[in-house]
Amino acid sequence: MASHGIRDKVAIVGMGCTSFGERWDSSVDDLLIESSQAAYASAGLSRDDVDAYWLGTMGSGNSGLTLSRPLRLPYKPVSRLENYCATGSEALRNACYAVASGAYDIAMAIGVEKLKDSGFSGLVGATPPSDGTGSETTAPANFSLLAPAYAKKYGVDTDEMKDVLTRIAWKNHVNGAQNPRAQFRKEVAKDVICNAPLVAGPLGIFDCSGVSDGSAAAIVVRAEDAHRYTDKPIYIKALSFIAGPATGNSDPDYDYTTFPEVVASAKDAYAQAGVTDPRAELALAEVHDCFTPTELVLMEDLGFAERGFGWKEVLAGTFDLDGDLPVNPDGGLKAFGHPIGASGLRMMFECWLQLRGEAPAKRTISTVAAGKKLGMTHNLGGGPGECVSFVSIVGSEPSA
């Protein structure tokens, strides 16, 4: 059996997104109110008009009360969920399927995370009880394994690999410098990136995404009702979520140059959306650049470059803001940081802006002006060899 999808059955009619960063000025409640109010306003709706809510957060609240309390929701169903770094995307997937099923007319997906108040430099979470045999390596260490594995397999020398990873970070910081919602809004010179202190393996500080606070929200309705709320809805073409068997780290055949879960979720999403050539058909892609080698590997797993040639496409500028397929035109996790529950919906917010022609002029992508009408968002959670992966395809027009 395979997923059948809900192509063009649901549309996004309103979105809101806070600025991401060290939001010492705002609580979890404040961030939820800010993003939800912006989403309500963009769709011309109020909290009472929304039938049901899906809240994504990893550790910034328990139960639906995390949302119902600050929004003063009048006895509405609120589902709180978590699915690693794909938590925000999972909230959207659940809200969309609820509307597509006919259970609700209007639903909101909203994500939030407040990470900076913990005082820790990395992600904070409670480790579930285990038998103690699991790996205790850090996320930077786990993802650092991608770079030498890729270089060895495809014959990329050490200096070339450093240039590739540097250029990915440089690109995303260039894009983020044009985005007022980004955590880091400065371009970073390539020599600064290249010579930054090392964190793990070959990865320096600028190869790693930041830690930030933020929230984003989306309101979804049945596609046939979309024009009641906006003249520029964004239609859901595909929503694919995959959880892998988590056997990579014990599998001698796993070589750390691919995420099989990403390959599977992309294949499923393309089938749902009817996409046969993503490189040619997509106007933009927002991908999970938690670390620079992750983005490199994703370019091949998502079908944007042939195996072993992704690094050359990076250096050629294929994925730049003015390239054939802009990747992370808003700056990605590198520029925004990664408040877990909000990131997937933040990615969707960029598709919302770009496909509706509402992105600021300095980072408007030419692919939309050229007639491309599809965008992608991608999240992965976990690590190489054991992760979950989400891929969505959305479009500015329903299929003919």
Neighbourhood net charge (15 Å Cβ-Cβ; Lys/Arg +1, Asp/Glu -1) for residue 214: -4
Mean-square fluctuation check for the chain, GNM, Cα pairs under 10 Å: which of 230, 294, 87 is largest? 230
Suppose the chain between residue 159 and residue 49 were pulled fully straight at 0.36 nm per residue; how much longer would it get relative to their current alpha carbon spacing? 34.0 nm
Straight-line reach check, residue 76, cutoff 12 Å on alpha carbons, 8 or more apart in-chain or any other chain, hits among aspartates and glutamates -> 48, 49, 51
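Sorted by mean Cβ packing within 10 Å, highest first, what order do the peptides 177-187, 191-201 take?
177-187, 191-201
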Rounded to one decimal in nm, the spacing of the 7 Å Cα→Cβ label points at residue 24 and residue 227 is 5.0
Kindly write out, for the range 70-81 in residue order, the coupling ³J(HN,Hα) from the Karplus curve 6.51 cos²θ - 1.76 cosθ + 1.60 (θ = phi - 60°), rounded to whole Hz, with x marking Gly and Pro. x, 8, 6, 5, x, 6, 10, x, 10, 9, 9, 9
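Quick check for you: with a 1.4 Å probe and neighbouring chains kept, what is the accessible area per residue of the range 224-370, in Å²?
Working: 4830 Å² over 147 residues.
Per residue, the range 224-370 has 33 Å² of solvent-accessible surface.
Trypsin sites (Lys or Arg not before Pro), restricted to the range 307-391: which are DSSP loop and have at most 12 other Cβ atoms within 10 Å?
Values: sites: 307, 312, 334, 346, 356, 362, 363, 372, 373; in loops: 307, 356, 372, 373.
Here the trypsin sites (Lys or Arg not before Pro) that fit, given the DSSP loop and packing criteria, are 307.
Per DSSP H run of n ≥ 4, the term is -39500 (n - 2.57); total these for the chain, divide by its residue number, and report the mean residue ellipticity at 222 nm rounded to 500 deg cm²/dmol.
Values: 14 runs with 136 residues, N = 400.
-10000 deg cm²/dmol, from helical runs alone.
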With 0.36 nm assigned to each residue of separation and the Cα-Cα distance removed, residue 152 to residue 69 gains 24.6 nm
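Between their Cα atoms, which of 190/372; 153/312; 237/373; 334/373; 162/267; 190/334 are more than 23 Å away from each other? It would help to have the intermediate numbers written out before the result.
Numbers: 190/372 31 Å; 153/312 14 Å; 237/373 11 Å; 334/373 25 Å; 162/267 30 Å; 190/334 14 Å.
As for pairs spanning more than 23 Å Cα to Cα, those are 190/372; 334/373; 162/267.
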Counting sequence-distant residues (5 or more places) and residues on other chains, those with an amide H built under 5 Å from that of residue 215 are 18
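Suppose R0 equals 41 Å; then what is the FRET efficiency for residue 192 and residue 276 from their Cβ-Cβ distance, rounded to the nearest 0.05? Could you put the intermediate results ahead of the total?
Working: r = 41 Å, r/R0 = 0.99.
My answer for the efficiency is 0.50.
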Quick calc of log₁₀ I(q)/I(0), the chain, Debye, one scatterer on every Cα, no solvent, q values 0.12 1/Å, result -0.87
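If packing is taken as the average number of other Cβ atoms within 10 Å across a peptide's residues, how do 38-44, 231-237 rank, most packed first? Present the calculation step by step, with values, prior to reporting the outcome.
Details: 38-44: 19.4, 231-237: 21.7.
Highest mean packing first, the order is 231-237, 38-44.
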Within the under-14-Å Cβ sphere about residue 395, not counting residue 395, Lys/Arg +1 and Asp/Glu -1 give a net charge of +4
Tell me, in nm to one decimal, what length is gained between residue 361 and residue 250 on full extension, where the rule is 0.36 nm per residue of separation less the Cα-Cα distance? 35.1 nm
Pop out the ³J(HN,Hα) list for the range 180-192 in order, Karplus 6.51 cos²θ - 1.76 cosθ + 1.60 with θ = phi - 60°, rounded to Hz; leave Gly and Pro as x. x, 8, 6, 5, 10, 10, 9, 5, 10, 5, 4, 5, 5
Straight-line reach check, residue 116, cutoff 12 Å on alpha carbons, 8 or more apart in-chain or any other chain, hits among aspartates and glutamates -> 22, 25, 213
Calculate the spin-label point distance for residue 263 paired with residue 309, positioning each point 7 Å from the Cα along the beta-carbon direction, and give it in nanometres. 1.8
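The values are calculated or read from the model by the stated rules, or taken from the named source; none is laboratory data. All values reported here derive from a predicted model rather than from experimental measurement. Don't worry about glycine lacking a Cβ; one is built from the backbone with ideal geometry, like all the others, and counts go over all protein chains shown. Surface accessibility is based on the protein's heavy atoms, side chains included, excluding ligands, DNA and RNA. Shrake-Rupley method; radii C 1.70, N 1.55, O 1.52, S 1.80 Å.
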